[in-house]
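In what follows, a single structure is set out as structure tokens and then discussed.
The values are calculated or read from the model by the stated rules, or taken from the named source; none is laboratory data. Here the structure is a predicted model, which means the values were calculated and not measured. Please note: Cβ atoms are built from the backbone with ideal geometry, for glycine as well, and neighbour counts cover all protein chains shown. These accessible areas exclude ligands, DNA and RNA; they are computed on the full protein's heavy atoms, side chains included. Shrake-Rupley method; radii C 1.70, N 1.55, O 1.52, S 1.80 Å.
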Amino acid sequence: MRVAVVGAGIGGLTAARDLVAAGHDVVVLEAAEVAGGKLRRAEVAGVALDVGTEAMLHRRPEGSALAADLGLPLVHPTGASSRIWTRGSLRRLPRSLMGVPLDPDDLAASGVLSPEGLARARVERVEPWDGEDVSVGELVAARFGDEVVDRLVEPLLGGVYAGHARRLSVRATVPALADLAARGPLVTEGARTAPGAGTPVFAGLAGGMTSLVDALAAGLVVRTGATVRELVRTPAGLALVVGPTTAPERLEVDGVVLAVPPAPASRLLGDLAPRAAAELAGVETASTVVVALALAAADVAGLGSYDGSAAGFLVPPVDGRAIKASTFSFAKWEHVRAAGAAEGVVHLRTSLGRLGEEATLQRDDADLVADSLADLRAATGLDARPVDAVVQRWGGALPQYAVGHLDRVARVRAAVAEVGGLVVCGAAYDGVGVPAVIGSAHRAAGELAEDLRGRMGP
């Protein structure tokens, strides 16, 4: 049977691969001129560098398993550790579960909190909780105080979702925290030994994460620059209207995978599944910017922050800086260091933009680079002009998992299932990280394959 996958991000490409393996004739339609979604590379001072997603969670298996299936060897970050730039200094990131301190003494030694904030954080206040969904910030502030939320949870959670801890669902974003909190105290002797200790937390690919896109797309029919403008029901299945309004193409298929962000998914579902469309229209998204910098190796020599021991730093919103994080790519990834050394440069990245800060994307590239350099100077003493810089904007890239998000997703899937021959997947549903999106794609492809088998009969 013929299937159209709308969207050539990692979710759409994975779903397409599964459906091809199941024997279906699959075409992937991508509105942009390149496949990959938030996985993208750019050349920075002669080195190909990820300017979108640069790593995946290794302790969740879907991403690493897919890389293995495609014959792509994994690489892991070096032993360099992360810092938090707060209260005027770069400070060691204490052990935590998405910012929730697991060891009060380690938290004290880090210096991240003020004396008053530390005193409050040392006394966990455990109140009965029925497990009903609340925001991460509400739960953590009630247990440990506002300063733990502002200086630890916000930068860590914001690094993943570019959102705000007091608006993000604990059930959807940090389910392990919700499960622990429902059982009682979070700070226990058992919590000091994190599960999975000894297993690398993150993984990447030697050629960058975009290598995953290259390998997937190589075995598929992918049409870029193909905007899907309409999705309708036909007597035999579904039809898509593709291309410019001046020369529309009608494509009739037996099944469709919608692997696009919530806003375009909502538009396409408006007539076909109005309840799902309304739910998806209510999902907010955050826009972000990645600034990739190449600096002359000589310009960072002698600066302690760039000795290879630090992988970068996070910035709490409460500190009022322009950037929200910086990754020292040369220190975090050996393959990036080696490639840069051949060119006499070191590579860094900064990221800017959280929910509600869309105006950040509208600023000139030169201004975003200048803001990044100013904050790097204030944080690390760096005073140098970059050899090269690339600014990558990601408009509406990160869906926000508000309180009640899991129920919203269940309602969307139930409404879509009523259509028949139609499924959804992507970062809006089961998690925004690469493994979660791959898992979402496997689920969607499996459901559609089963639906199509049922229509084919014995």
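Yes/no matrix, rows are residues, columns are (1) of a type in the set (F, W, Y); (2) under 30 Å from V289 (Cβ atoms); (3) open to solvent by less than 50 Å² (accessible area, probe 1.4 Å); (4) at pLDDT 95 or above:
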{"residue": "V100", "(1), (2), (3), (4)": "no, yes, yes, no"}
{"residue": "G111", "(1), (2), (3), (4)": "no, yes, yes, yes"}
{"residue": "E116", "(1), (2), (3), (4)": "no, no, no, yes"}
{"residue": "D150", "(1), (2), (3), (4)": "no, yes, yes, yes"}
{"residue": "V153", "(1), (2), (3), (4)": "no, yes, yes, yes"}
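Checked against (1) in contact (Cβ under 8 Å) with a residue 24 or more places away in the chain; (2) part of a helix (DSSP H, G or I), R267 meets all criteria but (1). Look at (1) surrounded by fewer than 21 Cβ atoms within 10 Å (Cβ to Cβ); (2) under 17 Å from V44 (Cβ atoms); (3) among the hydroxyl-bearing types (S, T, Y) and you find that T360 fails only one, number (2).
Results for (1) assigned to a loop (DSSP other than H, G, I, E, B); (2) modelled with pLDDT of 95 or more, shown as yes or no for each residue.
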residue: G12; (1), (2): no, yes
residue: A15; (1), (2): no, yes
residue: V27; (1), (2): no, yes
residue: A31; (1), (2): yes, yes
residue: A42; (1), (2): no, yes
residue: L49; (1), (2): no, yes
residue: G52; (1), (2): yes, yes
residue: R59; (1), (2): yes, no
residue: L66; (1), (2): no, yes
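Confirm whether D407 is in a helix (DSSP H, G or I), under 30 Å from G304 (Cα atoms) and either under 19 Å from the mean Cα position of the chain (by Cα) or modelled with pLDDT of 95 or more (or both). When the stated conditions are applied, D407 does not pass them.
Do we have T224 as out of contact with any strand residue (DSSP E or B) (no Cβ under 7 Å at 6 or more places or on another chain), without any contact (Cβ under 8 Å) to a residue 12 or more places away in the chain and open to solvent by 10 Å² or more (accessible area, probe 1.4 Å) here? Can you show your working first?
Numbers: out of contact with any strand residue (DSSP E or B) (no Cβ under 7 Å at 6 or more places or on another chain): yes; without any contact (Cβ under 8 Å) to a residue 12 or more places away in the chain: no; open to solvent by 10 Å² or more (accessible area, probe 1.4 Å): yes.
Judged against the criteria, T224 is not a match.
Rundown of residues vs (1) in contact with a helix residue (DSSP H, G or I) (Cβ under 9 Å, 6 or more places away or on another chain); (2) open to solvent by 30 Å² or more (accessible area, probe 1.4 Å), yes/no style:
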| residue | (1), (2) |
| --- | --- |
| A366 | no, yes |
| A370 | no, yes |
| L373 | no, no |
| P386 | yes, yes |
| Y401 | yes, no |
| V412 | yes, no |
| L422 | yes, no |
| C425 | yes, no |
| G433 | yes, yes |
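When only residues in segment 71-98 that are among the polar types (S, T, N, Q) and surrounded by 19 or more Cβ atoms within 10 Å (Cβ to Cβ) count, which is nearest to the chain's Cα centre (by Cα)? Step by step, filter segment 71-98, then rank; the result is S82.
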